[in-house]
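K.L.:
Before anything else, here's the structure in question.
Only the coordinates and a few stated rules stand behind these numbers; no lab work does. For clarity, every value in this text was computed on a predicted model and none was experimentally measured. For neighbour counting, all protein chains shown are included, and Cβ atoms are generated from backbone atoms with ideal geometry for every residue, glycine included.
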Amino acid sequence: MGTHAEAMDTAASQAEDIQLLEDAARRFIQTEVAPHLEAWEEAGQFPRSLYARAAELGWLGMGYPEALGGTPAPWAVRNALTIALARTGGSGGLLASLFSHNIGLPPVLRHGSPALQQQVIPDVLAGRKVAALCITEPGGGTDVSALKTTARLDGDHYVVDGEKVFITSGTRADWLTVAVRTEPLNKGQKPGAGGISMLMVPGDAPGVSRSPLKKMGWLCSDTAHIRFDGVRVPATNLVGEEGAGFKIILTNFNGERLAMSAMALGFAECCFDEALAWARQRKTFGTALIDHQVIRHKLMDMKMRIESTRAWLNAVAARADAGDRGDKSAKGAEWVAQVCLLKNHATQTMQFCADQGVQILGGMGFMRGTACERIYREVKVMMIGGGAEEIMKELASRQLGL
Amino acid sequence: MWCAASCLQSLQNCIDWTVEWAQERKMFGAALADQQWVQFKLAEMKTELESLRALTYRACELYMQGQDVMELASMAKLKAGRLNRLIPDGCLQFWGGMGYTWENKVARLFRDGRLGSIGGGADEVMMGIIAKTMGVAKRPQRA
């Protein structure tokens, strides 16, 4: 009985936490983001001071241990924040760069030495430093085992050579979590996926050169092409062991895909909200748009996909939380398959809602300044980044033993 | 009819560029074009495009013979708007991150093409006309 009452208490306090977070997110977006967002999107970046602000609000450290400056929080709570920021008008570029540490840090958090963790993580969670994940190369993204950037051991340093592309927060990140090939240069590791390692490279290390990329969407996210020319990094910056990189990357993807699903849901809801408000206000052929049956049906098609995505996201996140609490059966291969398929479903929901939203807004939906227009441009990166849709299906079918 | 005709070549280019890219691009040790899904998706899109071409040409021919082509022209415009979304979207997916850069040709068609279902009479207006010429909807009553 005691545990049941405790569980009810926990559920009630979590619901309260979520409500407070959603209110804070809405206020933040309305007062500190919305008035400047268009200017930031034009400029290709937002002020760096926003990282410190997000840290102050307690958002950067969510889900990280207290010893490293974080606040432990379950997926249920983290997702609620992501959804609220996306729904109330945070752009994809803003969220991707402001929270790029959520893909950059987990490798160090899970596999780095205590010294490396202390060196990297607290400053990032405090908003003093920016972290980015560098995996994709010009010759391959999702096909991680094909990567060519090398790290050659030279005394107590690694020497890094190669290039990375489409790196979120890449132009100003202070810490680059870089996937490198340590085989066949060093110890006798197997070729292919086996020879990949993760290395922390300071963004200002000599030999690192970066240039911004122009994208279709996520405009205020600073996305970079990065070259490494003989970059020397202390060998102690290696994350985990040599050759463990592939496994680290694959584990990292699950969290990234779950977070992307939450983002996609928030953006879909943002489109729905804007389209509904417009349909109520806009008059065509003498009646409000909402009085046309097909418009109401469009909105219901959007709502149907939004609600199915929400239910599925909550179910998959609940299993992630159970797994994090120690339930080993919660996060097996079948769960990984669900994460992959959920990412596809959530981004398809987002695409459908952006498309229908633009259609309901009509000419306005093609104009800069509406959320539907922005989200229509932002959706493709969600269907490609973090593992393209086709790869998600391949991976899921393999996890399910097909 | 102009809206429909004017997108035939750009959609054809979109597919052609993507076929070239899929043959060039290597992934998991093989060309992207070796994946059955990629082959079928491209085949599907080309089929859609050819049906739009046939519909557009038929509307134009009848128009030149002096017939009323309100219904066929509206159908061509509707289908063109739809394919202006569907084909660049399907193609762009195969370009991966490259397709998300501003300068990419397919990315431009993805952005520009969206206007096709809105400008020159939205899809819904086309369907309204078709429904009326079919006799399933009443003629508009002016308020």
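K.L.:
Taking each pair of different alpha-carbon atoms in the range B:34-134 once, compute 1/r for the pair, average those values, and report the inverse of that mean as the Kirkwood hydrodynamic radius in Å to one decimal.
P.N.:
Numbers: mean 1/r = 0.0669 Å⁻¹.
When all Cα pairs of the range B:34-134 are included, the Kirkwood radius is 14.9 Å.
K.L.:
With just the Cα atoms defining each centre, how far is the range A:268-291 from the range A:332-386? Give it in Å.
P.N.:
19
K.L.:
Any cysteines in the protein assembly as shown with zero other Cys Cβ atoms under 4.7 Å from their Cβ? List them, or say none.
P.N.:
So, A:Cys134, A:Cys220, A:Cys270, A:Cys340, A:Cys372, B:Cys3, B:Cys7, B:Cys14, B:Cys60, B:Cys91.
K.L.:
If you don't mind, there's one more thing I want to ask. Please list 3J(HN,Hα) in residue order for the range A:33-41, calculated via the Karplus relation 6.51 cos²θ - 1.76 cosθ + 1.60 where θ = phi - 60°; whole Hz, with x for glycine and proline.
P.N.:
These are the phi-based 3J(HN,Hα) values: 10, 3, x, 10, 4, 4, 5, 5, 5 Hz.
K.L.:
Hey, another quick one. With each run of n ≥ 4 DSSP H residues scored as -39500 (n - 2.57), what mean residue ellipticity at 222 nm is computed for chain A after dividing by its residue count and rounding to the nearest 500 deg cm²/dmol? Don't skip to the end; give the middle numbers.
P.N.:
Numbers: 13 runs with 207 residues, N = 402.
The helix-only estimate for chain A comes to -17000 deg cm²/dmol at 222 nm.
K.L.:
Moving to a separate point now. Within the set of other residues whose C-beta is less than 13 Å from the C-beta of B:Trp37, count the net charge using Lys and Arg as +1 and Asp and Glu as -1.
P.N.:
Values: positive: A:Lys393, B:Lys41; negative: A:Glu389, A:Glu390, A:Glu394, B:Asp34, B:Glu44.
Residues near B:Trp37 contribute -3 overall.
K.L.:
Further question: Residue by residue through the range A:243-251, what is 3J(HN,Hα) from phi via Karplus (6.51 cos²θ - 1.76 cosθ + 1.60, θ = phi - 60°)? Round to whole Hz and write x for glycine and proline.
P.N.:
Each residue's phi maps through the Karplus curve to give x, 8, x, 4, 5, 4, 5, 5, 5 Hz.
K.L.:
Quick one: grab Rg to one decimal and Dmax as a whole number for the protein assembly as shown, Cα atoms only, in Å.
P.N.:
Cα radius of gyration and Dmax of the protein assembly as shown are 25.0, 85 Å respectively.
K.L.:
Name the residues whose placed amide hydrogens come within less than 5 Å of the amide hydrogen of A:Leu219, ignoring near sequence neighbours (fewer than 5 apart) on the same chain.
P.N.:
Those lying under 5 Å, H to H, from A:Leu219 are A:Gly93.
K.L.:
Could you size up the charge dipole of chain B around its Cα centre, putting +1 on the beta carbon of Lys and Arg and -1 on that of Asp and Glu, and report it in debye to the nearest 20? Numbers along the way, then the final one.
P.N.:
Values: 18 positive and 15 negative charges, 104 e Å.
Using only the charged Cβ atoms, the result is roughly 500 debye.
K.L.:
What is the set of long-range amide H partners of A:Arg232 at a cut-off below 5 Å, with H atoms built 1.01 Å from backbone N?
P.N.:
A:Val160
K.L.:
Can you run phi through the Karplus equation (6.51, -1.76, 1.60; θ = phi - 60°) for the range A:153-166 and list ³J(HN,Hα) in whole Hz, with x for Gly and Pro?
P.N.:
Computed from phi, the couplings for the range A:153-166 are 6, 9, x, 9, 10, 9, 10, 9, 9, x, 8, 10, 9, 6 Hz.
K.L.:
Distance between Cα centroids, the range A:61-89 to the range A:93-140: provide it in whole Å.
P.N.:
Centre-to-centre distance over Cα atoms comes out at 15 Å.
K.L.:
Provide the net charge surrounding A:Asp327, with neighbours chosen by a C-beta distance below 13 Å and charges set as Lys +1, Arg +1, Asp -1, Glu -1.
P.N.:
Here the charged neighbours net out to +2.
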